[in-house]
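The values are calculated or read from the model by the stated rules, or taken from the named source; none is laboratory data. Given the structure is predicted, the values throughout are model-derived calculations rather than measurements. Here the Cβ positions follow ideal geometry from the backbone for every residue, glycine too, while neighbour counts run over all protein chains shown. All accessible areas refer to the heavy atoms of the entire protein, side chains included, with ligands and DNA or RNA removed. Shrake-Rupley method; radii C 1.70, N 1.55, O 1.52, S 1.80 Å.
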Amino acid sequence: MKPDTRIYVAGHRGLAGSALVRALKARGFANIVTRTHGEVDLLDRGAVAALFASEKPDVVFLAAAKVGGILANSTFPAEFVHQNLVIQSNVIDEAWRAGVQRLLFLGSSCIYPRDCPQPIREDYLLTGPLEPTNRPYAIAKIAGIEMCWDYNRQYGTRYLCAMPTNLYGPGDNYDLATSHVLPALIRNFHEAKGRGEKTVTLWGSGAPRREFLYSDDMAAACVHLMALPPDKIATLVNDREPPLINVGSGEDLTIRELAEHVRAIVGADVGIDWDRSKPDGTPRKLLDVGKLAALGWLPAVALDDGIGRAYADYLRRSA
């Protein structure tokens, strides 16, 4: 990518998309195309086609998606599979029809089997059953990976698929009905602190292990991937395997440990009750990030630093 490359970021208001815009601007890319949902509904094929026809982007970052935690996935499985399939199908196909050769599709580490070996390598995709609590979302994302690979093989595009671990950071969703675990912990502890409560009740046992990555680190990794020279891109885009690369920190901790980190950073003097009647989800999800490290990228934001930044963002937005 060159400084004047025309770049379309789909989903620029979300956690991942807003981080991508910040990362692109920090690298000197100024020709960035964005559209709100009110301006272009990505579920509308005609609207997506019109966007590509009028804006003519050279590069696309596909970060638009319907996302949420265990409760949201369990409550709205039809919306999670349908909306994600339609959005990615519309954007990927219209990008190809408009002549876009470079696209990065953002997925999720939940695409991998529930009980696969740890850390999770890219070639573990489709080697076992998925975690039931987020299967609709995972299946949609797996379809997006397959679509990128198929277009590369049939049409000669160079579409990449980045699979981030659990993300958090500025612009996160703190709605307890639809949020992921880390922003939910921030809100729970902050509100318990404000109300002077003695305990906070959290879902599950606290035993599952999770990996977390600050959103700006994820974005920096994705821009790094899209700026690789052709010979490096060729190692990721081929006929033998999906153009898939893990994006993570390479470190994990239990949800119980995470809760203790968040409690300390928020400054909430409360106990924790674990509601074991609620699901835990996948026992462990730690990505093998060796492929990304070999391409010259490592994360910069430590977990406690990132949680502190996320909490400051939450305070600004809730003031």
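Some notes on this structure:
- Average accessible surface area per residue within region 264-319, 1.4 Å rolling probe, Å²: 53
- Peptides 228-239, 196-207, 52-63 ranked from most to least packed by the mean count of surrounding Cβ atoms within 10 Å: 52-63, 196-207, 228-239.
- Too-long pairs where the Cα-Cα distance tops 23 Å, listed order kept, from 66/285; 198/285; 25/285; 2/56; 232/285: 198/285; 25/285; 232/285
- Cα-centred dipole magnitude for the chain, charges only on beta-carbon of K, R (+1) and D, E (-1), debye, nearest 20: 340
- Residue with peak Gaussian network fluctuation, the chain [Cα springs, cutoff 10 Å], from 40, 247, 21: 40
- Amide H contacts under 5 Å for residue 179, placed H, 5+ residues apart: 69
- Choice from 155, 214, 174 showing the highest fluctuation, given a GNM over the chain with Cα pairs closer than 10 Å: 155
- When DSSP beta bridges are restricted to pairs lying wholly in the chain, around 10% turn out antiparallel.
- Whole-number percent relative contact order across region 44-180, with pairs defined as alpha carbons under 8 Å at least 6 apart: 32
- Rg/Rh for region 33-82 (Cα atoms only, Rh after Kirkwood) is 1.07.
- Considering all different alpha carbon pairs of region 1-56, the Kirkwood hydrodynamic radius works out to 11.9 Å.
- Put simply, the amide H of residue 201, placed in the peptide plane, has neighbours under 5 Å in 273, leaving out anything fewer than 5 places away on its chain.
- Note: relative contact order over the chain, using C-alpha pairs below 8 Å and six or more positions apart, is 20 percent.
- Most fluctuating residue given options 97, 263, 309, as computed from a GNM of the chain linking Cα atoms under 10 Å: 97
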